[in-house]
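In what follows, a structure is listed as structure tokens, so that the remarks can point back to it.
Just so you know, all these numbers are worked out from the coordinates, no wet-lab data involved. On a predicted model such as this, the values are computed, not experimentally measured, just so you know. With ideal geometry, Cβ positions are generated from the backbone for all residues, glycine too; neighbour counts draw on all protein chains shown.
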Amino acid sequence: MQATTTVMSMKLLFRAGVNAVIVWLTFTYVDGLSFGDDWVGLVLVVVMLAFANAFVRPILKLLALPVRIATLGLFTLVINIAIVFAVLWLAEKFDLGLSSDGWQPALIGAVVISILTSIVSTIVKD
């Protein structure tokens, strides 16, 4: 039992670290998104993203099940983008050092973060 808990903890830490790198790279390379040198803000954004993915995403996926079936799962990407967009919006409202020059860069950033975190989720299973 101890080994299983350790492996799960390592996976969780690995995913959180990878998500932090994904958010940082997105805010570094997408024009219109900026990241101050406040690493605490980045960690808080990653925590908010992890919370949203752990609790909000499953509920939204369940509620949108008919639409997800009709679109052969493509609506899952819309759910992921909406969650990331909401987290980025909250980060900007709470002044966590992340900012966007408008909704277009935020949407592009949400798409990039959503796709990359989906790839990581596929590779690192729970």
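With contacts taken as Cα pairs under 8 Å and at least 6 residues apart, the range 47-113 reaches a relative contact order of 30 percent. Based on C-alpha pairs under 8 angstrom that are at least 6 apart in sequence, the chain has a relative contact order of 37 percent.
Evaluate E = 1/(1 + (r/R0)^6) for Phe94 and Lys11, where r is the Cβ-Cβ distance and R0 equals 22 Å; express this FRET efficiency to the nearest 0.05. Working shown, then result.
Details: r = 28 Å, r/R0 = 1.28.
E(calc), rounded to 0.05, equals 0.20.
In the chain, helices alone account for a calculated mean residue ellipticity at 222 nm of -24500 deg cm²/dmol, with every DSSP H run of four or more residues adding -39,500 (n - 2.57). The dipole here belongs to the chain: it is taken about the Cα centre, uses +1 on the Cβ of Lys and Arg and -1 on the Cβ of Asp and Glu, and is about 660 debye. Sparsely packed loop sites in the range 43-126 (the trypsin sites (Lys or Arg not before Pro) outside DSSP H, G, I, E and B with at most 14 other Cβ atoms within 10 Å) comprise Lys125. Under 19 Å from a label point set 7 Å out along the Cα-to-Cβ vector of Thr4, the amide N atoms of the range 86-126 belong to 125-126. Taking the empirical scaling 2.2 N^0.38 Å for compact globular proteins as reference, the chain has a Cα radius of gyration ratio of 1.09. Annotation: lysines with alpha-carbon distance below 24 angstrom to Lys11 (same-chain offsets under eight excluded): Lys61, Lys125. The modelled label-to-label distance for the pair Val43/Ile108, using points 7 Å beyond Cα in the direction of Cβ, is 3.0 nm. Here the Debye sum runs over all C-alpha atoms of the range 20-73 as equal scatterers in vacuum, and log10 of I(q)/I(0) at q = 0.21, 0.23, 0.24 Å⁻¹ comes out as -0.80, -0.84, -0.86.
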